[in-house]
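Bear in mind that the values in this text are calculations on the coordinates, not laboratory data. Only a predicted model underlies this, so the values are computations on that prediction, with no experimental measurement involved. Here the Cβ positions follow ideal geometry from the backbone for every residue, glycine too, while neighbour counts run over all protein chains shown.
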């Protein structure tokens, strides 16, 4: 099979990545919860901008996960980094072709961004 060069490397693919965060700064730790995380950190690989948005559904009595999925999907996210995802959420994200990255280690948002852009 012949290798085909499309003129773009994987590092040049532009996308938005959501990272669950315990706070609203680059030094905040990744929140282990997806649907009930305190904030979402949105990293744009094209502009290199990082935006923190409070998770409006974090205190919902029910439906926090599906609400969070809809929110990040509407932001154009292609990957999500979190400590864990619920079973229903995994199916929803798979249907939307949004990749889940599980981060069990205590890393800051800045450390995760550094890992993702390498």
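Using only Cα atoms, tell me the angle between helix 64-74 and the longest principal axis of the chain; keep it within 0 to 90° and round to the nearest 10. The angle comes out near 40 degrees. Compared with the direct C-alpha span, the chain from residue 115 to residue 70 gains 13.6 nm at full extension, assuming 0.36 nm per residue.
With the convex hull constructed from alpha-carbon coordinates only, the chain shows a mean projected area of 8.4 nm² over all directions. Taking the Cα-to-Cβ direction at residue 36 and at residue 60 and moving 7 Å from each Cα, how far apart do the two end points lie in nm? The two pseudo-label positions are separated by 1.4 nm.
For the stretch 22-61, the Kirkwood estimate of the hydrodynamic radius, built from every pair of different alpha carbons, is 10.7 Å. When both bridge partners sit in the stretch 13-117, DSSP labels roughly 60% of those beta bridges antiparallel. The order of the peptides 103-111, 36-44 by mean Cβ neighbours within 10 Å, most packed first, is 36-44, 103-111. Modelled label positions at residue 95 and residue 47, each set 7 Å beyond Cα in the direction of Cβ, lie 3.0 nm from each other. Taking every alpha-carbon pair under 8 Å whose residues sit at least 6 apart, the chain reaches a relative contact order of 29 percent.
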